[in-house]
Amino acid sequence: MKKIIKNFLGLILLLYSFIFIDSCKRQDDWLNVKRESRDVTPRNLDDYQAVLNNDNAMNKQFVTVGSVESDNLNLTSTAFLALPQREQDAFLWKRSIWDDQGGASLEWNNMFTVIENANIVLDGLQSINSNTAGYNNVKGQALFYRAIAYYTLAQLFCKPYDASSAGTDLGLPIRLSSDVNILYQRSSLQKTYDQILGDANAAAGLLDDQPALDYRRPYQYSCWGLLAKIYLVMNDYSNAGLYANKVLTNVSSLLDFNSSLVSATATYHFPANGLNNPEILFYAVSGNYTTVSISTTNKATVDSALYSSYDNNDLRKTYFYTNINGHGQYRGAYCGVAFYDFCGIATNEIYLIRAECFARQGNTASAMSDLNTLLMKRYKTGTFTALTAGTANMALAIILKERRKELPFTADIRWEDLRRLNKDPNFQTTITRTIGGTNYILAPNDPKYVLPIPTNEVQLSGLQQNP
């Protein structure tokens, strides 16, 4: 049995390697690997847990292309020209973004690898037919991974959720089988979100309510955090607040930026690999784009208006960035290791979700209480004065400003916020870049807020392309 597990893990690592290295050549490499491996099959719970434990595929290839496209970055023309073509295209919102990869997308490939692995587990568990806590936990993990992968893809390749049009807007191909020979067409956006919510809710009822020793594994509170995120981008503030509250009722720890866990003298300021960070509910990272990963070679600077918005006593200005000639360069990912950025779920984000939901529901006092609870851990000891708001609308504006300052390069959160907030004239943002003397503009609700489906996927699977 150990040999079977070893062989299967080797298969999954091979699967990941094909996708990461050769995605510029063939979009369907992962399909070919799977077709050629029909003789290698996991057989028991340990085997299926081993599939989910492959953190190279399941935790380390998440998505930050939206952060490259957001308004938090600045690049000089010289720094821009030093970037790979796809990163240049992402920065300028070009439809040719996948061209230098042979029409393939790492974002698409990596998330569908997570989905395929989850489906392998879910299909295999049907033959075990158990109801033990261990069985339920493994099934819950697989459902969580499928949900978060589809959630991530929907924020890039689909329109922002709008209940009035979701039934006809294009969604994603919903793969619920590990049989890669089945071709799926795009569902509606509503069906996509129904599937995401269905998986996440089912996972929440199956997962353990205590974190595993391996902090990369999701558990029940991770899933409640994911549900809060999903409902937030759906503008369902009642349910987003409900699940944020379920998380914070059980785990409300925040990292005190005055503590020894954070270091201004270290190259990367937060604990390596997220270890001992009390905020992290689910650990995931991405290292696909240099401009939004923490590295001393990163030549991107943070938007000047964002950088200047931090008070001098606000430790986020010190720990999120390094000051280079008056410009902030990003160093503050919760992963705390070079070339990666944090893409997981943490309580700081959950506090901000609950605060926003309180504000949108007219509960100004509770909204500001949550925000101040977070900010108190961010300022130098003894320097923070609680923020106040006279109305719920004022509270909402303050919370959204602090959300941008707290989560500037976490996954694609800023991109997701731009997409959803552009629906409200009070919070619309126009992004302008200047490269080589040419201005590039991304207007609110521009179709470029939806990335093109990878060309290879359109050609191989016949998927309908985005406008």
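The table that follows gives values for the structure above.
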quantity	calculated
Contact order normalised by residue count of the chain, Cα under 8 Å, 6+ apart, percent	18 percent
Binned Cα-Cα distance frequencies in segment 287-416 - 10 Å width, integer %	13, 41, 34, 12, 1
Cβ-based exposure ranking for V65, V233, V138, V292, in which fewest neighbours within 10 Å come first	V233, V65, V138, V292
Per-selection Rg to Rh, the chain - Cα, Kirkwood hydrodynamic radius	0.95
Segment 111-180: C-alpha gyration tensor shape, a/c 1.5 cut-off, then a/b vs b/c	prolate
The chain: angle of helix 347-360 to the longest principal axis, Cα-based, in degrees nearest 10	70 degrees
Rounded, prolate or oblate (a/c below 1.5 giving rounded, otherwise prolate when a/b exceeds b/c) for segment 117-231 by Cα gyration tensor	oblate
In degrees, nearest ten, helix 106-125 long axis to first principal axis of the chain (Cα)	50 degrees
Between helix 364-376 and the chain: long-axis angle, C-alpha atoms, 0 to 90°, nearest 10	90 degrees
Segment 124-167-segment 320-389 distance, computed between alpha-carbon centres (Å)	28 Å
Nonlocal amide H pairs with Y321, under 5 Å, H built at 1.01 Å	R331
Built amide H within the under 5 Å cut-off of T267, gap 5+	none
In sequence order, calculated HN-Hα J values of segment 307-323 (Karplus, 6.51, -1.76, 1.60; Hz; x Gly/Pro)	4, 6, 6, 7, 5, 5, 8, 7, 5, 4, 5, 7, 8, 7, 9, 10, 7
Long-range amide H partners of R186 with built H, under 5 Å	Q464
Length-normalised contact order for segment 385-467 - Cα pairs under 8 Å, 6+ apart - percent	14 percent
Around P160: net Lys/Arg minus Asp/Glu count, Cβ-Cβ under 15 Å	-2
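Bear in mind these aren't lab numbers, they're just calculated from the coordinates by the rules spelled out. Not measured: the values here are computed from a predicted model. Using ideal geometry, Cβ is built from the backbone for each residue, glycine included, and neighbour counts are taken over all protein chains shown.
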